[in-house]
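Inspection log for the structure reproduced underneath, given as structure tokens.
None of the figures in this text is laboratory data; all of them are computed from the coordinates on show. A quick note: this is a predicted structure, and the numbers were derived from the prediction, not measured. Ideal geometry is used to build each Cβ from the backbone, glycine not excepted, and the neighbour counts take in all protein chains shown.
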Amino acid sequence: MKSLDQCWYQPGFLDRILVALLLPLSWLYCVIAIIRRKSYQLKFKKSYAARVPVVVVGNIVVGGSGKTPLLISLCEYIKENGFKPGVVSRGYGGTVSGIRQVQHDDAAELVGDEPLMIQQRTKVPVVVGADRVAAVDYLLDNNQCDIVLSDDGLQHYRMRRDVEIAVVDAVRGFGNGHCLPAGPLRERVVRLNDVDLVVYNGVDDNISNQVSSYSLKVVDLCHLSSGESATLSSFSGRKVHAVAGIGNPSRFFTQLRENGIDVIEHAFSDHHAYSQSDFSDWDKGCIMMTGKDAVKCRHLFLPDAWVVSVVAEFSSSLGSQLDQKILPLLNARPNR
């Protein structure tokens, strides 16, 4: 049986019938989303401003668009310019109730896989909580930060923001273009007209520097248990079991194939909680997985498992846009 995700992006005849049946609910969802946003714009509902600039890195579709690698690279970009970023996240998939600052050795099951990966990769303070306003307050009360990056939260209008960055998967786009549940949209595509920066993940090389975009570049390959380093090219021609529990697993599989690796695909649902039984039939073979999967697999016995770490490489256009939109916010801060 097809998942809704497949109906949205790879519809067959029966899928189109299902989508048509869901359209009334989709229209209702759109109306509610519009009313909710307008209620904050017209100040019927109160939003809260932080004492430092807040930048939201989000999207208008459910599922992955590759925004987490971008957020990690944004943290590095801000640090390289001499400032101190902090991150807030919903902590999706975690069990935390209330507010918690992520620790390096936290379990992904507690704080969520993406917040843990962000903290481990960037070493910046990361706070998780369903209430983004409370999470921002906790982050700033307990850490010295010049700027807050919100991992997702484009629709969390109670948290006032200075810059909105919307990430678009250039390959998958917006599916069938409908709002939930008939399609993958959280808000209509016209919402992108109001954000400060639309960033495309995975555009064609011929136009990558003409639009604000980034590409995912492999920067590290290390053994899951020992931390031993290796190059991706050293696995060229070798058959590996590729594991991806992310929003768009095919991107990871394609990246490995482009490096000459013979891939056996194992796509899991986004934020999948791994157990030893997931690997029971092939755990003695060579395994490659994303960094997001690795934070949930370190307790498992996988003797030949390797973690592929990627970085978002900015196009010249994106770098220029960040210089224009982010650095002025930081340089305007007092006592700098």
Which whole-number percentage describes the relative contact order of the stretch 83-179, with Cα contacts under 8 Å and a sequence gap of 6 or more? 34 percent
Which value, in Å³ per residue, describes the convex hull spanned by the Cα atoms of the stretch 126-231? 201 Å³
By per-residue mean of other Cβ atoms within 10 Å, what is the highest-first order of 268-275, 65-72? 65-72, 268-275
For the residues I326, I32, what sequence is obtained by ranking on other C-beta atoms within 10 Å, fewest first? I32, I326
How many nm separate the modelled label positions at Y40 and N259, each set 7 Å beyond the Cα in the direction of the Cβ? 3.8 nm
Where a ≥ b ≥ c are the square roots of the eigenvalues of the C-alpha gyration tensor, would you call the stretch 2-65 rounded, which needs a/c under 1.5, or, failing that, prolate if a/b is larger than b/c, or oblate? oblate
For the stretch 33-169, state the average projected area of the convex hull of the C-alpha atoms over all orientations, rounded to one decimal in nm². 8.1 nm²
Counting only DSSP beta bridges with both residues in the chain, what percent are antiparallel, rounded to the nearest 5? 25 percent
Report Rg (one decimal) and Dmax (nearest whole number) for the stretch 166-215, counting Cα atoms only, units Å. 11.8, 35
Rounded, prolate or oblate: which fits the stretch 47-95, taking a ≥ b ≥ c as square roots of the Cα gyration tensor eigenvalues, rounded meaning a/c under 1.5, else prolate when a/b beats b/c? oblate
Test of understanding: given the chain, find the longest segment containing no GluC sites (Glu not before Pro) that are in a DSSP loop and have at most 11 other Cβ atoms within 10 Å. 1-227
Counted neighbours (other Cβ, 10 Å), sorted fewest up, put W8, W282 in the order W282, W8
Per its Cα gyration tensor (rounded if a/c is under 1.5, else prolate when a/b beats b/c, else oblate), the stretch 216-310 is best filed as rounded
From the cross-link list K38/K123; K123/K217; K38/K84; K217/K284; K45/K79; K123/K284, the entries with a Cα-Cα span beyond 26 Å are K38/K123; K38/K84; K217/K284; K45/K79; K123/K284
Compute a Gaussian network model of the chain, connecting alpha carbons closer than 10 Å, and tell me which residue from N259, N201, N59 fluctuates the most. N259
Normalised by the residues of the stretch 216-310, what does the relative contact order come to in percent, with Cα pairs under 8 Å and at least six apart? 39 percent
Placing +1 at every Lys and Arg Cβ and -1 at every Asp and Glu Cβ, with all other atoms neutral, what dipole size does the chain have around its Cα centre, in debye to the nearest 20? 1340 debye
